[in-house]
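The values are calculated or read from the model by the stated rules, or taken from the named source; none is laboratory data. Computed from a prediction, not measured in an experiment: that's the story for all the values here. Virtual Cβ from ideal backbone geometry, glycine too; neighbours counted across all protein chains shown.
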Amino acid sequence: MRRDDEKAQFLSEDEIVRDYIDSIQRNPETLEQWMSTSRDDLIMFHWGAGQWIRNHYKLWHPDNPHTQGYRNGPDSMSARVIDRVWEELHPGADQACA
């Protein structure tokens, strides 16, 4: 979460994806874990990475406008972020399976 003039500004889904990918790429072990995980196994990230995403980016905060459109709020948004991060790290993976 960024702060401007002491007022909390919540990151959009796109900003969270970019920021989280940047953090993954700075840690070789974490990057390797993401690169070796199949799309079918992304659920393994729900409690670790998903919880970190929900807490770090304040997805649970009642004033966060970006979680209001998700059926299950923070959980749904963090799951979507995890899916999009995987897609960004595995470009063309869906086309290879089609």
Members of segment 38-57 that are closer than 19 Å to S23 by Cα and charged (D, E, K, R): R54
Selected residue (criterion: nearest to M77 (Cα to Cα)) from residues of segment 32-51 that are of a type in the set (A, V, I, L, M) and surrounded by 15 or more Cβ atoms within 10 Å (Cβ to Cβ): A49
Just one of the numbered conditions (1) within 20 Å of Q9 (Cα to Cα); (2) modelled with pLDDT of 95 or more; (3) of a type outside the set (D, E) is not true of Q68; which one? (2)
Filtered residue count, segment 52-84, keeping only those that are touching a residue at least 40 places away in the same chain (Cβ under 8 Å), crowded, with 17+ Cβ neighbours inside 10 Å and not in a loop (DSSP other than H, G, I, E, B): 4
Right, L42: modelled with pLDDT of 85 or more and touching a Gly at 6+ places or on another chain (Cβ under 9 Å) or not? no
